[in-house]
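The structure appears right after this line, and notes come after that.
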Amino acid sequence: MASFASETLTFIFFISLLHLGSSGRILSDESDQTQQPLPFQYHNGPLLFGKISINLIWYGNFKPTQRAIVSDFITSLTSSSKTNTDQPSVNTWWKTIESYQYHHKLSNSVSLGSQFIDENYSLGKSLTSQQIVGLSSKGGQKDAINVVLTAADVAVEGFCSSKCGTHGVSSGSGPGSKRSKFGYIWVGNSESQCPGQCAWPFHQPIYGPQTQPLIAPNNDVGLDGMIINVASLLAGTVTNPFGNGYFQGPKEAPLEAASACSGTFGKGAYPGYPGQLLVDPTTGASYNAHGDNGRKYLLPALFDPSTSTCSTLV
């Protein structure tokens, strides 16, 4: 059984355009450099642990091949070395998140749950944040993280102007205090709306150092960008579900396990350069993790509280 403890369900967090995959594109003046940043630390709140089902809600037009990219990523999180011998792996990346629970003598096990497909745009092609929360309730409402994925032609409140994705906690159906609580995530496909903001480094950034875009490992700029965002928000959902878990900076705009290492994907990363990565000799695509069914992914670095550094796979 997964546990969210007994917190009020009012917290929503987002990957902002400044926090996602582009730490080198955060604007600051010289006075900012003299201020000591707040440390990444634990704020004494509950973490998400136990057996967690990750349900996917597809809103809009996605090809079956695109849905497979995401579902294979989810199953890769807990794949054993027997099913995926190639390293580094998605499972190795997730073990850094599991280390947060180990510190508190907790454990979690995530698995791919149900998938819901809404190809008819039942709410139209322009969604509010509240409608996103409503869509998330279509997934399981107990021991669950429900991930809403919106298609490239769907506009979402704040998308591209201030955020690339969100995570939060909501309550399901049922009377009063008996309502179950579930985590939710929303990520949009930015390919046609703002790939320079939400799909970097697979697209030229709209500002900052203009380095050559990387070739996406699944040959889909939009979906490979979504994987980075989903991974970042999954890390935040598990380690900071209520806004009083692990994060750096102010509670109103926290830098979480992945966003604290924004723009870092490999060793040697610096503003505008994602770091040293693996390159597929056939396709030329850049990646840092192997997944199920021969998949390759580019995943963000995670802050490792045991070393107080950003941990990269390569």
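Some observations on this one:
- Of all accessible heavy-atom area on segment 153-304, the percent that carbon and sulfur account for (1.4 Å): 51 percent
- Kirkwood Rh, angstrom, segment 187-258 [1 / mean 1/r, Cα pairs]: 13.3 Å
- Relative to the 2.2 N^0.38 Å rule of thumb, segment 190-314 has a C-alpha radius of gyration ratio of 1.05.
- When the convex hull of its Cα atoms is viewed from all sides, segment 41-157 shows a mean projected area of 9.1 nm².
- Each 10 Å bin, from zero up to the one with the longest distance, holds this percent of the alpha carbon pairs of segment 227-300: 18, 41, 29, 10, 1.
- Across all Cα pairs in segment 112-220, the calculated P(r) in 10 Å bins from zero up to the longest distance comes to 13, 38, 31, 14, 4, 0 percent per bin.
- Span from the segment 91-152 Cα centroid across to the segment 267-298 one, whole angstrom: 24 Å
- Relative packing of peptides 55-64, 268-277 - highest average C-beta neighbours within 10 Å first: 55-64, 268-277
The values are calculated or read from the model by the stated rules, or taken from the named source; none is laboratory data. Computed from a predicted structure; not experimentally measured. Cβ coordinates were reconstructed from backbone atoms using ideal geometry, including for glycine residues, and neighbour counts include every protein chain displayed. To get the accessible areas, we keep the full protein, side chains included, count just its heavy atoms, and leave off ligands, DNA and RNA. Shrake-Rupley method; radii C 1.70, N 1.55, O 1.52, S 1.80 Å.
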